[in-house]
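The values are calculated or read from the model by the stated rules, or taken from the named source; none is laboratory data. From a predicted model like this one, the values you see are computed outputs, not experimental measurements. Every residue, glycine among them, receives a Cβ derived from its backbone with ideal geometry; neighbour counts consider all protein chains shown. When the accessible area is computed, the model is the full protein with side chains, heavy atoms only, and any ligands, DNA or RNA have been set aside. Shrake-Rupley method; radii C 1.70, N 1.55, O 1.52, S 1.80 Å.
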Amino acid sequence: MLEIRDLEVRYGAVPAVRGLTIEVNEGEIVGLIGPNGAGKSTTLLAVMGAARVRRGEIRVRGSSIVGARTEDIARSGVSLVPEGRHIFPHLTVDENLRLGLVGRRDRDGVRAGLDWVHGLFPVVGEFRHRPAGALSGGQQQQLAIARSLLADPELLLLDEPSLGLAPSIVGDLWDTLGEIGQRGVTILLVEQRAQITIELAARTYVMHNGEIRTSLTPADAGDTDRIAAAYFGAKA
Amino acid sequence: MNVLQTLIDGVALGAVYALVAVGLALIFGVMRLINFAHGELITAGGYTLALASAWPKAAAIALTVVVCVVLAWAMERIAFRRLRNVAPATTLVATFAVAFTLQAVWLIAFGPQGESADVLSGLNQTAVSGELSIRWITIVMLITGGLLLAGTILLLNRTTIGLQMRAAATDFRAARLLGVRADTVISVAFVIAGVMAAAVAVLLTVQRPLVTPTFGLQVTILALVGVVVGGMDRLWTATLGGFAIGFATSVLGEALPSDQRVFLPSAVFLLVIVVLLLRPGGLFAPRGAGGVERV
């Protein structure tokens, strides 16, 4: 579904992503973890055409999307839930959801899509007429994911969805991500919470200083020493 | 002085300035661009009316709308689109450049003396006489202003493109990540600004039929001041600010003795300074407002 080969992204002279190569197969949940500044968010922004690719290739379903406009990528079945949610606080919950439909390629399944996200996240139906800014952090995160799902993405990119959420809410959110994955949506999950990401994902890449250092599987979830070593920069 | 008469005249002029403010605030909302060249759209509308003054009135007005919309669209497409990602100071300078270039074009094409746009002068006739004296143009200003403002509100609140514009005005990058097309949203904002400028040109030429190269400049500067006074961060506060500056200009103009009306701009700007000292965030901006919806 997603192939990134030898990706390089720079902010001015500063390299943010260096020679990154990862692959996400159709229907997989793949994790990308690493400390702050590792280049995880930049990688997602590069996929969305929001960070300029200096070198390398990004392919979705075999087609290169390097140089494509952000809005065209968003309309091609790739959806990003950005770090910090970026909901529109002064628009209602319903209006935020309607914006998710902008990127949808097929208008036929809108009703079914709405039913699905209302089932996954009852709060977005319950508070549909409230300003989105009045929701709690966890509710806003649910809204941001629901909004992206309404675009009916083949590939869902999530940037630190657990950020700022209480552990119990994170547990519920992870269950929901599992449900979304079972529905056939391919997920690339960027996170700082290493252990729960490794447990959920079929494969988790560990990124440090712009590079992939190693990859881990759910079998490694209990090996905290290996996770910590990888997280802080040890090469496999 | 008849207070009711003064209020009616003030509201009518306020409606015209509110239309200018909408044009400025929409573009600021989606692009963070203070379009100093907005006045040239009004001037272009004035000259179009002058050139088409022999035409049937409806045709002359329709042509004015077309010219203003096409010029607004062209401004964005040719001058501002490439500068979308540069520093705000650069784009501000670009709007100055566009404004002064177009003023030079008007000067070369039409000369400094001005052209007469005597298309709707019949609207200067009195519609209501007696204790109150209301001209047709006052009524037309109120109706036109009300209809266009209501139309803008409906467009923003009841249509998909309006929702996309409101989202883009709050967080442009997040909107694009959802598939909102930047080019479309910005072009629509410029087209609406063009329609507003055409309406202002038509209304202003009834009262001031002589169109000179700086015809639209003064009203734009005053409306821009009104937008800042009202609060640039939201469309409705900016529009109210535009309305307020038009209203204040009209009322102060009536209040000042005729031999002292030369001081009218000074009086208006003195009022602006006082307002900004008391409410630096904007006269109509909610107290303690944080992140805001700009459209």
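For this structure, a couple of remarks:
- Per the Debye calculation on the protein assembly as shown with a single equal scatterer at every Cα and no solvent contribution, log₁₀ I(q)/I(0) for q = 0.06, 0.13 Å⁻¹ amounts to -0.38, -1.18.
- Long-range HN-HN contacts of A:Glu28 with modeled amide H, under 5 Å: A:Ile187
- Estimated purely from DSSP H runs of n ≥ 4, each contributing -39500 (n - 2.57), the mean residue ellipticity at 222 nm for the protein assembly as shown is -17000 deg cm²/dmol once divided by its residues.
- Charge context of B:Thr205, other residues only, Cβ under 14 angstrom, K/R +1, D/E -1: 0
- Annotation for the A:B interface, with buried accessible surface near 2100 Å², both sides summed [1.4 Å probe; non-protein components not counted].
- Surface composition of region B:146-244: carbon plus sulfur atoms contribute 68% of the solvent-accessible area (1.4 Å probe, protein chains only, all chains present).
- Ranked by solvent-accessible area (1.4 Å probe, protein heavy atoms only, all chains present), the residues B:His38, A:His86 order from largest to smallest as A:His86, B:His38.
- Compactness of region B:3-216 - radius of gyration and Dmax, Cα, Å: 18.1, 60
- Each Lys or Arg adds one and each Asp or Glu takes one away; over the other residues whose Cβ falls under 12 Å from the Cβ of B:Val3, this sums to -3.
- Peptide B:177-189 shows a mean partner chain C-beta count of 6 within 10 Å per residue C-beta.
- Geometric descriptor of chain A, per residue, is 117 Å³ (volume of the convex hull of the Cα atoms).
- Residue-level accessible surface for B:Val195, protein heavy atoms, 1.4 Å, Å²: 50
- DSSP H segments from chain B that extend 18 Å or more along their own axis, Cα-based, with Kyte-Doolittle mean of 1.0 or above: B:3-31, B:57-74, B:88-110, B:136-158, B:182-207, B:217-230, B:235-255, B:264-278
- Extension gain, B:Thr159 back to B:Leu92 (0.36 nm per residue minus Cα-Cα distance, nm): 21.1 nm
- Within the shell defined by Cβ-Cβ distances under 12 Å, the residues around A:Arg55 carry a net charge of +2, with Lys and Arg each +1 and Asp and Glu each -1.
- Rounded FRET efficiency, nearest 0.05, which uses the C-beta distance separating B:Ile273 from B:Ser129 and R0 of 41 Å: 0.55
- A probe of 1.4 angstrom, applied to the heavy atoms of all protein chains, finds A:Ser215 with accessible area near 50 square angstrom.
- Tilt relative to chain A, helix A:167-182 - C-alpha long axis, 0 to 90 degrees, to 10: 90
- Solvent-accessible area of A:Ile212, all protein chains in place: 50 Å² (probe radius 1.4 Å, heavy atoms, ligands and nucleic acids excluded).
- Per residue accessible area of region B:3-216, 1.4 Å probe, in Å²: 40
- Applying the criteria of a DSSP loop state and at most 12 other Cβ atoms within 10 Å to the chymotrypsin sites (Phe, Trp or Tyr not before Pro) of region A:144-232 yields A:Phe232.
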